[in-house]
Amino acid sequence: MQIRKARSADIEQVTELSLTMQGYHAAFDGVFALTENAREGLASFLGKCVRSRKRLLIVAEEDNRIVGYALATLASRPPIFRQREYGFIEDVFVAEKYRNRGITKRMLDATYSWFRKHGIKEAVLTVHAKNRLGIMVWEREGFETVFLRKRKWI
């Protein structure tokens, strides 16, 4: 298993994994239901991520097949705050067949290393309240609940 920075040639496989992840989320919240052209839009977005200096797209590869990915961003709060810079973990996904092998941990370790290289000391993420698997993974990784995001349909 190799954990490495994604290349443009990886975009098609990462797009497939991302579509699977989006389907998982859509199953418990219809807000995540995708449009008909989601594949193209997602592939375009991921291609931009590969070329970005502010984003990191990492893949887990086994036997020339991408089996997981992590996407992170260098982010900042408004200038009124002392601690402005933070790392935002946008996505982490491992194909079901490859779970429980430490792949998520290895991708996160690479992500944390990239954050530290950029002077970042805080990693932040969002997880859906109904995503029990995600909540378990993030708690096991040492993330604490800081905010509760609420929604009301109007």
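General observations
- Modelled spin-label separation between residue 148 and residue 99, with each label point placed 7 Å from Cα along the Cα-to-Cβ direction: 2.6 nm.
- Excluding exposed DSSP-loop trypsin sites (Lys or Arg not before Pro) (at most 12 other C-beta within 10 Å), longest clean stretch of the chain: 8-52
- Solvent-accessible surface of the chain, averaged per residue with a 1.4 angstrom probe and all protein chains in place: 68 square angstrom.
- For residue 85, the residues whose amide H sits under 5 Å from its own are 77, ignoring neighbours fewer than 5 places away on the same chain, with H placed 1.01 Å from N.
- For the chain, dividing the convex hull volume of the Cα atoms by the residue count gives 141 Å³ per residue.
- Area accessible to solvent at residue 44, 1.4 Å probe radius, in Å²: 60
- For segment 1-98, chymotrypsin sites (Phe, Trp or Tyr not before Pro) are listed when DSSP marks them as loop and at most 16 other Cβ atoms sit within 10 Å of their Cβ; the list is 81.
- Heavy-atom surface analysis with a 1.4 Å probe gives segment 59-116 a carbon and sulfur content of 44 percent of its accessible area.
The values are calculated or read from the model by the stated rules, or taken from the named source; none is laboratory data. Every value quoted in this text rests on a predicted model; they were computed, and no experiment measured them. Don't worry about glycine lacking a Cβ; one is built from the backbone with ideal geometry, like all the others, and counts go over all protein chains shown. Just the protein is used for accessible areas: all its heavy atoms, side chains included, with ligands, DNA and RNA removed. Shrake-Rupley method; radii C 1.70, N 1.55, O 1.52, S 1.80 Å.
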